[in-house]
1. Looking at (1) farther than 21 Å from A:Ala337 by Cβ; (2) within 8 Å of DNA strand B (Cβ to nearest atom); (3) of a type in the set (D, E, K, R), can you tell me which one A:Glu251 breaks?
2. Which of the residues that make up segment A:531-557 are under 22 Å from A:Pro499 (Cα atoms) and surrounded by fewer than 24 Cβ atoms within 10 Å (Cβ to Cβ)?
3. Identify, from the list A:Lys669, A:Lys643, A:Lys612, A:Lys630, the residue that is more than 27 Å from A:Ala704 (Cβ to Cβ) and either among the β-branched types (Val, Ile, Thr) or surrounded by fewer than 16 Cβ atoms within 10 Å (Cβ to Cβ) (or both).
4. Any residue that is more than 16 Å from DNA strand B (Cβ to nearest atom) and over 27 Å from A:His645 (Cα atoms) - is there at least one of those in segment A:434-443?
5. Limited to segment A:698-732, what total is found for residues that are more than 18 Å from A:Asp651 (Cβ to Cβ) and in contact with a helix residue (DSSP H, G or I) (Cβ under 7 Å, 6 or more places away or on another chain)?
6. When segment A:43-68 is examined, which residues are found to be farther than 15 Å from A:Ser86 by Cβ, part of a helix (DSSP H, G or I) and out of contact with any Ser or Thr (no Cβ under 6 Å at 6 or more places or on another chain)?
Amino acid sequence: MSNPPLPYKAAKTHKHLRELHAQIARQTLLHHNHHISLFIRRCAALRAPLPYVRLLFHSLPNPNLPVFTSTLKFFSLSSAHRDVLSLFHLLRSRRAPAPAPDADAFIYPIVINACPNASSVASAHAHVFKLGYGCDAFVRNAVVNGYLRFGLVGVAREVFDEMPERGVADWNAMISGYWRWGRGREACELFDEMPVRNVVSWTAMVTGYARSGDLERARGFFEGMPERSVVSWNAMLSGYAQSGLVDEAIELFLEMVDVGVEADETTWVTVISSLAERGDPRLAKSLVDSLDSRRVNCNCFVKTALIDMYAKCGELTTARRIFDEMGTHANVVSWNAMISAYARVGDLALARSLFDKMPRKNVVSWNSMIAGYAQNGHSFLAIELFKEMTLTNNFKPDEVTMVSVISACGHLGAYELGRWVMDVIAKNRINLSISGYNALISMYSRCGSMEDAERIFHEITGVRDVISYNSLITGFAAHGYGTRAIELMSKMKEEGLEPDRVTFIGVLAACSHAGLLEEGQHVFRSIKSPTVDHYACMVDLLGRVGKLEEAKRLIDGMPMKAHAGVYGALLNASHIHKQLELGEFAAYKLFDLEPENSGNYVLLSNIYAFAKRWKEVDRIREMMGTRGVKKTTGCSWVEFDGKVHRFIAGDQLHERSKEIYHVLEELEKRMRALGYIAIKDCVLRDVEDEEKEVIVGTHSEKLAIGFALLMSEEGAVIRVVKNLRVCGDCHVAIKMISKLTRREILVRDNNRFHHFKDGECSCQDYW
DNA sequence: CTAGGGTTAG
């Protein structure tokens, strides 16, 4: 100790630390444990990088107990649990087998706190008691907390009960442990029993009630507190914020300021995230102003909350600026917030570039990116990324991951993939919450299996919410099960759930697909304040059953402005019933509202073609040309052996393309032998004189069906998804295919299923 | 060295 102490406490930055380190090395102080211990403590205070301290420690020739201890503390502070444990094992192996003096009892709380699972807590517990540290208050408290962390509430309680004397910290630990594992009743009992309560005990009760959604009781305890700390205020604030009660949160925050409680960074984070939820740029602005005027010290959490708030208020540039300014201080959450910000607005390229660049990923990073793909229609990429996450990187998915993946499977109509996803859920023992089950209902509905959808629906009895019902009703609608949709709505009312906007859209669509006019009108009249979407459904219903004039009158009498969906329904109905004038009316409205949508031009042109108005057909074609509207290429896909095979009309890209065409040609030959006439590309031709129906060349769904016929076994149901509507002539062709091959074929287009069997189809309204 | 509050994803 003859060396003079270096100015450790004076170090203020990481740069200073490195200079000190160099000085230590120069003066060959590495074996002077007193210096090293002081230095590492300073590293902890300044949050030095983990690898730096790790390296430093391993370069030491002869670290003593204080050095071990300060390094342990550093690792613990950096949440480097594995480092804590390996250091502890190193310490145990180095030291003499004799029991250690009491002086180092305090390393045990750190070690127990780093235990990764319940069994390691148990062995630490045994070890610690064997060494005689069982009487140390801190060690006992750590043991109780260790068990509580992993849900072994009963074991924790036993340790608690066996304590010779209990401090208020032990009571508090037990109380918050009970709350954490959903055992509020026991928490309350302990709170009532405990001899001395402090502000922590009261705050734990506020948090407990707030987290279980009982904001009134939480507020009751908050009001009843003998004294409040800033943490108590924050607990109440975050209670409101987490329950989405933004107004209450803001009001409480103002009260807090009024009473003169100094807001800390946690307060700001809570308030900022509340305002993010509101998404109001003006509120956000005034909050930032008050941050500025108070010259609030913005830590990483505050900045991340700000990034999220700006992003949700639509100010991505500002969000990005803050993110860039954070530089290396940005943590994984800041990255995630930025990634999901880009994903939300559909800028997946930017989201992905950040995702690829980020220094560390956690499960939320993967979830954000996967959800970004899934929600922007890139189901396939979502699943690819999920495979990369779980198979390549061995990352464990959680429920949120699975909800996105389930949804992607549904959009793809990938039934087999969906079953694999169920396996993943089972293997990883992921507990699905209600939103997970709802996603499953949607997935199975979209894969065409209402049996599975209903099975899941019935499995979740008791906790079903409006979305569970809506998912199943929407499924029924897509399958044309009108009555069942209506019945389900009655059932949800019986269960005390009020149908919402989406419920009514589903039921009306179901009536429409099933041609249930009166029932639909009855439902429509029962809607308290119908939205424009409900009107669109009604126009669709009236139109499909042929009451086009009535549909037009409904549009004229609407209390709000009609949108593209309304006119789209009218155009579609005009197309079905070959109503030229209303078709023109609707189409021209649509040309204004969505000039880039090629489907509208095609529909109108087809209506003209049926009326043999060839000049107008040409005019629409020209119009598309001058406006630069490209006909959307529809694609279809079919799942086989867990892989999704995609086709577009006329493509020959598939490796088995030749065989597929051969299969289809053979079928066409058989059709011709039956007296049907096959004409290629005849949508616009005059077909009046044809006695028999017309089969047309290669549509994407026919290629997909051809592929499935080639690959799947006889008797298997063929499930095909098409991203555009299934058109009339192909409908005829598929009917024939189902008859000739005696296969059940399920084709899903945008929002409904066409179930082909024995030459018949469940959708009657096409031609 | 123990107990209470905070950011991101569906």
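1. Here A:Glu251 meets the rest and fails (2).
2. A:Thr531, A:Val532, A:Asp533, A:His534
3. A:Lys612
4. no
5. 2
6. Scanning segment A:43-68 gives A:Cys43, A:Ala44, A:Ala45, A:Tyr52, A:Leu56, A:Leu65.
Residues are listed down the side, and each one gets a yes or a no for (1) outside the structural domain of A:Ile660 (by TED's automatic domain parsing); (2) under 14 Å from A:Cys727 (Cβ atoms):
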| residue | (1), (2) |
| --- | --- |
| A:Leu590 | yes, no |
| A:Leu593 | yes, no |
| A:Ser598 | yes, yes |
| A:Ser605 | yes, yes |
| A:Tyr608 | yes, no |
| A:Lys612 | yes, no |
| A:Val617 | yes, no |
| A:Met623 | yes, no |
| A:Arg646 | no, no |
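To keep it simple, each residue is scored yes or no on (1) of a type in the set (Ser, Thr, Tyr); (2) under 31 Å from the mean Cα position of the chain (by Cα); (3) more than 18 Å from A:Ser274 (Cβ to Cβ); (4) more than 8 Å from DNA strand B (Cβ to nearest atom).
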{"site": "A:Asp214", "(1), (2), (3), (4)": "no, yes, yes, yes"}
{"site": "A:Ala218", "(1), (2), (3), (4)": "no, yes, no, yes"}
{"site": "A:Phe221", "(1), (2), (3), (4)": "no, no, yes, yes"}
{"site": "A:Gly224", "(1), (2), (3), (4)": "no, no, yes, yes"}
{"site": "A:Ala235", "(1), (2), (3), (4)": "no, yes, no, no"}
{"site": "A:Gln242", "(1), (2), (3), (4)": "no, yes, no, no"}
{"site": "A:Val246", "(1), (2), (3), (4)": "no, yes, no, yes"}
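The values are calculated or read from the model by the stated rules, or taken from the named source; none is laboratory data. Computed from a predicted structure; not experimentally measured. For neighbour counting, all protein chains shown are included, and Cβ atoms are generated from backbone atoms with ideal geometry for every residue, glycine included.
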